[in-house]
Amino acid sequence: MIRAKAISADVYVADEPIVKVGRSAVQFLKERVLESGRKRVRLCAHKDIADRLQEMIIVFGKSSYIRPSRHIGKEESVHIIEGVAEFVFLDGDGRVTDAIPLGAFNSGREFYCRTPESVYHTLIIRSDIFVVQETTQGPFRRSDTTFAPWAPEDTDAMAVGRYMAQLTGAVDEFLRLKTQGI
């Protein structure tokens, strides 16, 4: 198991000079996600929010809501370790502009995706557990993230449920048309 400090119930920071992550660390995070109110838990490999490189192993539960957001002046990438999801890109009005089926290497889906700066994006988790390595530029500043004004805050469960049902339907239709070449 990796040595880590709990920063909050959902965030751990590796407490080793050389950070290595194996099955036991991922299993630890998977167990914590079951207890998480937000249904996501992360292990930060970087030591400080001021670090120029921010790398995290993030475990999402199926019911995790990732409010669509964009990052000003920052790109990010995800490498899929386990599970399946769609990485959804949206325009300024909340319309789906692309949806990328993601999964681990052996799934036949894309296992890596890089998001350009200032593009609204979110995930639709399809498996019970979804594990990714996310990399982005630091330092971390909340002000660099802009949440989509048309997407509900995660504190409004009813609105989130309606929004996710609508978004999932739009993504399913987008992918159906995309596979037909339309």
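Checking the structure you have, find out if any residue of segment 63-70 is assigned to a strand (DSSP E or B), at pLDDT 95 or above and among the β-branched types (V, I, T). No: segment 63-70 contains no residue that is assigned to a strand (DSSP E or B), at pLDDT 95 or above and among the β-branched types (V, I, T). In segment 15-25, is there at least one residue being more than 30 Å from R162 (Cβ to Cβ), among the aliphatic types (A, V, I, L, M), out of contact with any Asp or Glu (no Cβ under 9 Å at 6 or more places or on another chain) and in a strand (DSSP E or B)? Among the residues of segment 15-25, not one is more than 30 Å from R162 (Cβ to Cβ), among the aliphatic types (A, V, I, L, M), out of contact with any Asp or Glu (no Cβ under 9 Å at 6 or more places or on another chain) and in a strand (DSSP E or B), which makes the answer no.
Output yes when any residue across segment 81-90 is aromatic (F, W, Y), modelled with pLDDT of 95 or more and more than 22 Å from G181 (Cα to Cα), and no when none is. No, that holds for no residue.
Looking at segment 82-139, which of the residues that are in a strand (DSSP E or B) and among the hydroxyl-bearing types (S, T, Y) is surrounded by the most Cβ atoms within 10 Å (Cβ to Cβ)? Filtering segment 82-139 for residues that are in a strand (DSSP E or B) and among the hydroxyl-bearing types (S, T, Y), the one surrounded by the most Cβ atoms within 10 Å (Cβ to Cβ) comes out as Y120. Pairs meeting the criteria (first residue in segment 31-55 and free of Cβ contacts under 8 Å to residues at least 40 places away in the same chain, second residue in a loop (DSSP other than H, G, I, E, B) and among the small types (G, A, S), beta carbons under 6 Å, at least 6 apart or on different chains) are K39/S63; K39/S64; R40/S64. Of the residues making up segment 49-68, those that are exposed (fewer than 15 other Cβ atoms within 10 Å of the Cβ) and farther than 23 Å from K30 by Cα are I49, A50, R52, L53.
All conditions but one from (1) modelled with pLDDT under 95; (2) closer than 22 Å to A157 by Cβ; (3) surrounded by 18 or more Cβ atoms within 10 Å (Cβ to Cβ) apply to V19; the one that does not is (2).
The values are calculated or read from the model by the stated rules, or taken from the named source; none is laboratory data. The structure presented is a predicted model; accordingly, all values stated were derived computationally and were not measured. In this analysis, Cβ positions are derived from the backbone assuming ideal geometry, glycine residues included, and neighbour counts consider all displayed protein chains.
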